[in-house]
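Working notes, structure below.
The values are calculated or read from the model by the stated rules, or taken from the named source; none is laboratory data. As the structure is a prediction and not an experimental result, all values here were calculated from the model. Virtual Cβ from ideal backbone geometry, glycine too; neighbours counted across all protein chains shown. Just the protein is used for accessible areas: all its heavy atoms, side chains included, with ligands, DNA and RNA removed. Shrake-Rupley method; radii C 1.70, N 1.55, O 1.52, S 1.80 Å.
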Amino acid sequence: MHIIECHFECTGFDDSLVQAGTSVYLWNLVRQFRDRGHRVTALTAAHGLIPLLRRDHDVVETDWRSTGEITIPVDPDRWPGHPDGVTVDGSAHAYRMTVEGIDVVLLSNEILDSHTDTLHPPAGAEGTDPTFLKPLVFQVLAARFLSGQETAQTVVHLHEPVLHHLLPAALSAYGFPVVSTVQTNLPVNTKVYAPQARALLRDLGADPTVVDGLADPPLDSPLHRAMRAFLPQTLLYRDQPQRPGHDYVSALALVARSAEAVDFLSEGQLEHALTQAETPFAQLFAELAVRRELWSRADRLTVGGCAIGDEWLDVARGDERRRRTLTALGLDPALPTVYHNGRYSVEHKGLRELFRGVRRLLDEGERFNLLLHCLAPHPPQDPDLAALAADHPGQVRIRTGPMPPAELMDWAASSDLCVFPAKFEMDTFLMAMGEAMASGAVPVATAQRGMRHFRHSFDLAAPTATGLALPRSFRVADPDLTDAVHDGLARMLALVRAGSPLVDTLRSRAVATAREFTWSRAADRFLAVFAACVAGTWPGGRSGPATLSPTPAPGDDGGTSTAVTGADVVAVRWAHPEAVRVELVYPGDPVEVIALARQDDGSFAGTGPATAGPVALLVTCRDGRCVWAGAPVAATTG
């Protein structure tokens, strides 16, 4: 087969250029395809990197050219002064280089060469700077580049629906089978401007009606309004009201309609995408168009999977390696050591809670080494991180720039524990956690669905437990997660310090579990999917909604309530056997959230503004599970 890997960001061939795990994932995968004798082409944007790449690679300009302009319709509320859209230069050319036997094609023009440091335009550029449209321009030019090319025994593999929502319909119209991989858990209803999608698909020669029929229902009951007001802060949902003439549709729903297969990195990620189970979003999600589209195409949903690099599969731990690594960092090798590696993404990675939780431990006199790699394009201006480094210079080492894999291996292999308090179900596999576990670091990590395959558990005595699970979090600056990081690490550090045999058992399981995830196995699964798509068959293994539990109805959670209204306030009492937090939620801008107080009998009670309809309640359970309920209001009597 000819496998075309098309992605906005494909820099995994050079560690110094990597901005996110997707690039690492992609480069590991294409090398496996190459080793199996398939022809592989990577198609990406040049990002202004051509001069830099020429230092190490033979970069050749090809004969391909694009000419003319691209007119992009834009939402006038977000782009004032552009009623006819934004017109950008569509002229472009392509460069080619061969890296490790893989052809890399880089599309270049003024917009595609912008934002070299970050690759992606900043969110603040929307409405004023045409370079904000860089991902859209890449999609148009990638489609132009591929149009007219040979499609026989060829498959196009795309990455991240919000960055390629136009391409499945366009490339399918050209005769290419398309596989779309959902790399990150952006909100499943992350939307694109429908008039823009229709116009660009029409310009590319594709059927614009694929965008039709994807509008969400009004969602305007009192409970709906409370959910919609609250949910954006959970990062699970983006509220984009439908305005006449300014409609938006889910990017994932649009991709699901056009791709031969939609792929996920783990079974937990797929389950989360299909159900949003036990999150504050689950009940609203059940009514959205994207859920309908995913379930109607369940036989096209598949898990190609992910893996850790082959170089991490046989990392050797040892006293000498630990002594050498930690001593070189000015740390005491006799102390327990905790490791974290990941992008500097404060909310996604739970970094605020991590920094505050470990600082509290150190402030309390806990003695341990802390190794933090938080990759950022520029040194972060983060007061929590700065305070952690300043207050505990003898025990904390922080890097924010790129680190060579060999050095990361030294850090991981010298650590007793690794900590990954990721939030909002935004992780879909978490390679860095797998790498740390493969190196023998016992995990302390949130119980996200997208990390479930690593088998950390709330019960350390469970027969498959590899480490300690922390409750999932869907809150910005979550004090409960900060407490969980603090308490979880304190518990595990005590076991390490005591030389508990349980730590050795957990470590052995962690190593074995992580090393199951190889790129060879992932490539085998992908090649089977690609072959099915080329043959015109659907590769998914699911038959429909009956394969997963239905979303619970509001209030179907074992809770009981009373709500009594007076002249100006409503008094609410809620009892739930697993609740750790109960809140009244009132829609508005900003949303009003009132926490009920825990009572001696375990119930929660408090007052809020009087309301004519049911009072919206959000119940959070001790394992992080959330459910909404509407408490009927009764008037006071007597």
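Residue-wise test of (1) at pLDDT below 95; (2) in contact with a Pro (Cβ under 6 Å, 6 or more places away or on another chain); (3) surrounded by fewer than 14 Cβ atoms within 10 Å (Cβ to Cβ).
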residue: Val59; (1), (2), (3): no, no, no
residue: Asp63; (1), (2), (3): no, no, yes
residue: Ile70; (1), (2), (3): no, no, no
residue: Leu106; (1), (2), (3): no, no, no
residue: Thr118; (1), (2), (3): yes, yes, yes
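Select from segment 479-536 the residues that are under 16 Å from Ser266 (Cα atoms) and outside any helix (DSSP H, G or I) and list them in ascending order.
Arg515, Glu516, Phe517, Thr518
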statement: Output for Cβ contacts, cut-off 6 Å, separation at least six or different chains, first residue over 17 Å from Glu578 (Cβ atoms) in segment 597-612, second aliphatic (A, V, I, L, M) and not in a loop (DSSP other than H, G, I, E, B), reads Gly606/Ala597; Thr607/Val569; Thr607/Ala571; Gly608/Val570; Gly608/Leu584; Gly608/Ile594; Ala610/Val569; Ala610/Val570
query: In the list Val582, Val591, which residue meets the criterion of being surrounded by fewer than 20 Cβ atoms within 10 Å (Cβ to Cβ), modelled with pLDDT of 90 or more and under 29 Å from the mean Cα position of the chain (by Cα)?
result: Val591
field: Unmet requirement for Thr209, which otherwise passes all of (1) assigned to a helix (DSSP H, G or I); (2) open to solvent by less than 40 Å² (accessible area, probe 1.4 Å)
entry: (2)
- request: Quick one: His159 ticks every box in (1) open to solvent by 10 Å² or more (accessible area, probe 1.4 Å); (2) out of contact with any Pro (no Cβ under 8 Å at 6 or more places or on another chain) except a single one, so which number is it?
  value: (1)
- line: Flagged in segment 596-616 as surrounded by fewer than 12 Cβ atoms within 10 Å (Cβ to Cβ) and either in contact with a Ser or Thr (Cβ under 8 Å, 6 or more places away or on another chain) or more than 13 Å from Val569 (Cα to Cα) (or both), in numbering order, are Ala597, Asp600, Asp601, Gly602
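Looking at the structure I just gave you, is Ala390 free of Cβ contacts under 8 Å to residues at least 60 places away in the same chain and more than 22 Å from the chain's Cα centre (by Cα)? Explain how you work it out, then say what you get.
Values: free of Cβ contacts under 8 Å to residues at least 60 places away in the same chain: yes; more than 22 Å from the chain's Cα centre (by Cα): yes.
Yes.
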- prompt: Does segment 390-426 hold any residues that are buried (at least 24 other Cβ atoms within 10 Å of the Cβ) and either in contact with a strand residue (DSSP E or B) (Cβ under 8 Å, 6 or more places away or on another chain) or part of a strand (DSSP E or B) (or both), and which are they?
  reply: Trp411, Ala412, Ser414, Ser415, Leu417, Cys418, Val419, Phe420, Pro421, Ala422, Lys423
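Counting only residues that are outside any loop (DSSP other than H, G, I, E, B) and without any contact (Cβ under 8 Å) to a residue 60 or more places away in the chain, which one in segment 445-471 is nearest to Tyr339 (Cα to Cα)?
Across segment 445-471, the extreme among qualifying residues is Ala445.
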Checklist (1) assigned to a helix (DSSP H, G or I); (2) free of Cβ contacts under 8 Å to residues at least 60 places away in the same chain; (3) of a type outside the set (D, E, K, R); (4) out of contact with any Pro (no Cβ under 9 Å at 6 or more places or on another chain) applied to Ala432, failing item: (2)
task: Could you run through segment 336-363 and say how many residues are of a type in the set (Val, Ile, Thr) and open to solvent by 10 Å² or more (accessible area, probe 1.4 Å)?
output: 1
- prompt: For Val249, all conditions in the list (1) within 30 Å of Val619 (Cα to Cα); (2) open to solvent by less than 10 Å² (accessible area, probe 1.4 Å); (3) outside any strand (DSSP E or B) hold save one; what is the number of the exception?
  reply: (3)
query: Counting just the residues of segment 1-23 that are of a type in the set (S, T, N, Q) and open to solvent by less than 20 Å² (accessible area, probe 1.4 Å), which one comes out modelled with the highest pLDDT?
result: Thr11
task: Report yes if Leu370 is without any contact (Cβ under 8 Å) to a residue 60 or more places away in the chain, under 27 Å from Leu470 (Cα atoms) and assigned to a helix (DSSP H, G or I), otherwise no.
output: no
task: Search segment 499-545 for residues being in contact with a Pro (Cβ under 7 Å, 6 or more places away or on another chain) and open to solvent by less than 30 Å² (accessible area, probe 1.4 Å), and hand back the single one that is modelled with the highest pLDDT.
output: Ala510
- prompt: Which members of segment 121-156 meet the condition of being crowded, with 19+ Cβ neighbours inside 10 Å, of a type outside the set (A, V, I, L, M) and not in a helix (DSSP H, G or I)?
  reply: Thr154
message: For segment 282-307: of the residues being of a type in the set (Val, Ile, Thr) and not in a helix (DSSP H, G or I), which is surrounded by the fewest Cβ atoms within 10 Å (Cβ to Cβ)?
response: Val303
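This table checks each residue for (1) among the charged types (D, E, K, R); (2) at pLDDT 90 or above; (3) assigned to a loop (DSSP other than H, G, I, E, B).
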residue	(1), (2), (3)
Leu201	no, yes, no
Gly205	no, yes, yes
Leu214	no, yes, yes
Pro218	no, no, yes
His224	no, yes, no
Ala229	no, yes, no
Tyr237	no, yes, yes
Pro241	no, no, yes
- request: Take segment 364-379 and flag every residue that is open to solvent by 20 Å² or more (accessible area, probe 1.4 Å) and either at positive phi or modelled with pLDDT under 95 (or both).
  value: Gly365, Leu375, Pro377, His378, Pro379
message: Checking the condition under 30 Å from the mean Cα position of the chain (by Cα) and surrounded by fewer than 20 Cβ atoms within 10 Å (Cβ to Cβ), which residue from Leu52, Leu112, Leu26 passes?
response: Leu52
task: Pairs only if they're at least six apart or on different chains, beta carbon under 9 angstrom, first in segment 81-98 and β-branched (Val, Ile, Thr), second part of a loop (DSSP other than H, G, I, E, B); list them, first residue then second.
output: Val86/Pro73; Val86/Val74; Val86/Trp79; Val88/Asn109; Val88/Glu110; Val88/Ile111; Thr98/His57; Thr98/Asp58
